[in-house]
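Written below as structure tokens is the structure these notes are about.
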Amino acid sequence: MLDGRRVLIVEDEALVALELTEIVTGSNAHAVGPARTNREALALLDLEEVDVAILDLNLADGEATPTAECLIAKGVPVLICTGGVLPRAMRLMWPDLPMLRKPLNPDRLVEALGALCAEPAGAGRG
């Protein structure tokens with residue numbers, strides 16, 4: 001389902017980032033990152049092409065809005081994975097942004113990423 005896809009992982013909790021990396025690589029995809037901060041994520045995006053991104057909302061340097069904005073502007077599908085709720089500003093900007101709650105079910109994560117990769121560019125994103 002994710003064969004050969006490049007998946008950006010943006011997560012500041014080391015154990016969760018490791019788990020996400022294992023799930024992604026176990027699905028025959030290539031993990032890009034993980035990035036712990038917006039700064040790291042944006043630097044990776046300057047260097048690497050990605051097909052889809054897993055984005056935690058609360059990063060070591062604040063809310064992940066700058067990374068989400070960059071990804072969406074590039075047409076990269078974003079999957080929010082959080083234990084919290086989507087901030088109001090993000091809900092208003094991107095009402096259709098897909099989200100999974102932590103703790104993550106690996107099968108649901110792979111299924112959600114696969115579905116995002118199957119969408120035509122720009123579909124379902126504001």
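The values are calculated or read from the model by the stated rules, or taken from the named source; none is laboratory data. Remember, it's a predicted structure, so these values are computed and weren't measured experimentally. Quick reminder, even Gly has a Cβ in these numbers, built from the backbone with ideal geometry, and neighbours come from all protein chains shown. Calculation scope for accessible area: heavy atoms of the full protein, side chains included, ligands and nucleic acids excluded. Shrake-Rupley method; radii C 1.70, N 1.55, O 1.52, S 1.80 Å.
Considering region 69-111, and only residues there that are among the acidic types (D, E) and in a helix (DSSP H, G or I), the residue that is nearest to the chain's Cα centre (by Cα) turns out to be E69.
Say whether the condition of being open to solvent by less than 30 Å² (accessible area, probe 1.4 Å) and assigned to a helix (DSSP H, G or I) is met by at least one residue in region 31-44. I'd like the intermediate steps shown before the answer.
In the first step, residues of region 31-44 are kept if they are open to solvent by less than 30 Å² (accessible area, probe 1.4 Å); the result is 31-32, 35, 37-38, 41.
Filter once more, so that each one left must be assigned to a helix (DSSP H, G or I): 38, 41.
Within region 31-44, one or more residues are open to solvent by less than 30 Å² (accessible area, probe 1.4 Å) and assigned to a helix (DSSP H, G or I).
Checking region 36-55 against the condition returns no match, with no residue being over 19 Å from K74 (Cα atoms), more than 14 Å from the chain's Cα centre (by Cα) and not hydrophobic (A, V, I, L, M, F, W, C). Scanning region 39-56 for residues that are more than 19 Å from G114 (Cα to Cα) and either touching a Gly at 6+ places or on another chain (Cβ under 7 Å) or among the hydrophobic types (A, V, I, L, M, F, W, C) (or both) returns A41, L42, A43, L44, L45, L47.
Put simply, of E49, E22 the only residue that is part of a helix (DSSP H, G or I) and open to solvent by 60 Å² or more (accessible area, probe 1.4 Å) is E22.
Taken over region 52-68, the criterion of being assigned to a loop (DSSP other than H, G, I, E, B) and open to solvent by less than 20 Å² (accessible area, probe 1.4 Å) is satisfied by D56, L57, A64. Cβ-Cβ below 8 Å, separation at least six or inter-chain, first residue in region 69-98 and open to solvent by 90 Å² or more (accessible area, probe 1.4 Å), second outside any helix (DSSP H, G or I): which pairs? Close Cβ pairs (under 8 Å, with a partner that is outside any helix (DSSP H, G or I)) amount to R91/L97; P95/G126; D96/G124; D96/R125; D96/G126.
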